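Worksheet for the structure shown next.
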Amino acid sequence: MEVSSVKDIDVRGKRVFLRVDFNTPLDEQNNVSDDTKIRASLPTINYLLEQGAKVIIASHLGRPKGQFKPEFSLKPVAERLMQLLNRPVKLAEDCIGEKALKAVAGMQPGDIVMLENVRFHEEETKNDPSFARQLAQLADVYVNDAFGTAHRAHASTAGITEYLPGAAGFLMEKEINYMSKALESPERPLLAIIGGSKVSDKILVLENLIGKVDTILIGGGMANTFFRAMGYSMGNSLVEEDKLDVAKNTMDKARAAGVKFMLPVDLMMADKIEKNARHQLVPVDKVPDGWAAVDIGPKTAELYGREIARAKTIIWNGPMGVFEIDDFAKGTNYIAHAVAEADALTIVGGGQSVQAIRKLGLTDRISHVSTGGGASLEFLEGKELPGIKALEKKPVAVK
Ligand code: ADP
Ligand code: MG
């Protein structure tokens, strides 16, 4: 899909409405506890500033459900951005109306105004046209860098492009480029590692990937449902009994498509899914009653590691086990290191998978760590993301 790039539009001296995903976690004192998402959009912000644009930044934060709630104010985010840029960021008390218009009036090139949380208005998530128009009134052009929100058709991610020429920021472009390269023109073998808790969460991803990838490695709780579908007894493991047909069907489709579809050969079992629980390793056909699968075993890790080492493009979504508990993180950690060491284009997407990578300090050794959990999942499902589609619809005048 071709989207317009911020590089292709003239922003000099213009008021630029920049939608970002600054939905960052806050600590008890309401300070930003993780500024990854803010840093991820700095290249776009710095570029706009260098070009002499007037930068009007919009984001959501949390779920205030259409009302002003001080705990969802973007104030701490504006403060952190100010520190990172080392220049003033003015926070407008509202994202539309008089307060917003006043805040942007008289802006000079290089000025930055951050609008208050767009989700303080319920019209945002409803993609209300008149709200979108009011947002658009603040600016001359629209730039979207909020990949993390691109799977939502909201006023500030989609509707606004009906009223302003739009283009993608650098983060948005980077996300699209890596994901499309991996899915549409990968260097092969193309390998997908799919884990996480449930088959039902990832079934659409699996369906889309079969027919594109050469190999799929399955891990995490979802492997259990595949094993149940094959008739294995899984003890107290997380199994989606109502998804056995879906699982069987997926394996049949993979076989028909000539995709190498791999399941674990050994599992770490625990008597409870909690810290300090008793645990033991078993082959997949020797799962004891009353125990739950919590990780892939070392034989599986090694087997998967060999596939990873051979691959030229790797997409990873979903941890191999309950990695939040150290005893059950070995499989996920092994896979994380294998992916980091692979001589391949590597992409990691999904909230928890990204967390696992970060915990190990391996972020810099992955070609692309996606900033969007839900958005990257929908991209892998082959869906058209409204926030990206909106940038394609109305190509802007080339410089
Ligand atoms: P991501 O956020 O990377 O897309 P998911 O949300 O699909 O990943 O799944 C992550 C969750 O799956 C983790 O919280 C992890 O504890 C859980 N999980 C992984 N393996 C198992 C298992 N065998 N049993 C229960 N939960 C599991
Ligand atoms: Mg998750």
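Annotations for the structure displayed:
- Probe 1.4 Å, accessible area per residue of the chain, Å²: 43 Å²
- Using only alpha-carbon positions in segment 186-380, the gyration tensor eigenvalues give semi-axes of 24, 20, 15 Å once each is multiplied by 5 and square-rooted (largest first).
- Cα gyration tensor shape of segment 211-252, rounded if a/c is under 1.5, else prolate or oblate by comparing a/b with b/c: prolate
- Eligible aspartates and glutamates near residue 260 by straight Cα distance, threshold 18 Å, same-chain separation 8 or greater: 187, 207, 214, 252, 302, 307
- Computed with a 1.4 Å probe on the full set of protein chains, the accessible area for residue 381 sits at about 30 Å².
- For the chain, the longest principal axis of the Cα atoms and the long axis of helix 75-85 meet at an angle of about 90 degrees.
- Segment 7-147: radius of gyration and largest Cα-Cα distance (Dmax), Å: 14.0, 42
- Placing 87, 310, 63, 19 in order of accessible area, with the largest value first and a 1.4 Å probe, yields 63, 310, 87, 19.
- In this structure residue 327 has an accessible area near 50 Å², from a 1.4 Å probe over the protein heavy atoms.
- Heavy-atom accessible area for residue 93, with the other protein chains in place and a 1.4 Å probe, reaches approximately 130 Å².
- As a length-normalised measure over Cα pairs under 8 Å and 6 or more apart, the relative contact order of segment 281-387 settles at 23 percent.
- Taking all pairs of distinct alpha-carbon atoms in the chain, Kirkwood radius in angstrom: 22.4 Å
- Taking only protein heavy atoms and a 1.4 Å probe, the accessible area of the chain is 47% carbon and sulfur.
- Annotation for segment 24-120: trypsin sites (Lys or Arg not before Pro) lying in DSSP loop with at most 16 further Cβ atoms inside 10 Å of their Cβ are 65.
- With the helix formula -39500 (n - 2.57) applied to DSSP H stretches of n ≥ 4, the chain reaches a computed 222 nm mean residue ellipticity of -10000 deg cm²/dmol.
The values are calculated or read from the model by the stated rules, or taken from the named source; none is laboratory data. Keep in mind it's a predicted model, so treat the numbers as computed, not measured. Cβ sites come from the backbone with ideal geometry, for glycine too, and all protein chains shown count toward neighbours. Accessible surface areas use protein heavy atoms only, side chains included; no ligands, DNA or RNA. Shrake-Rupley method; radii C 1.70, N 1.55, O 1.52, S 1.80 Å.
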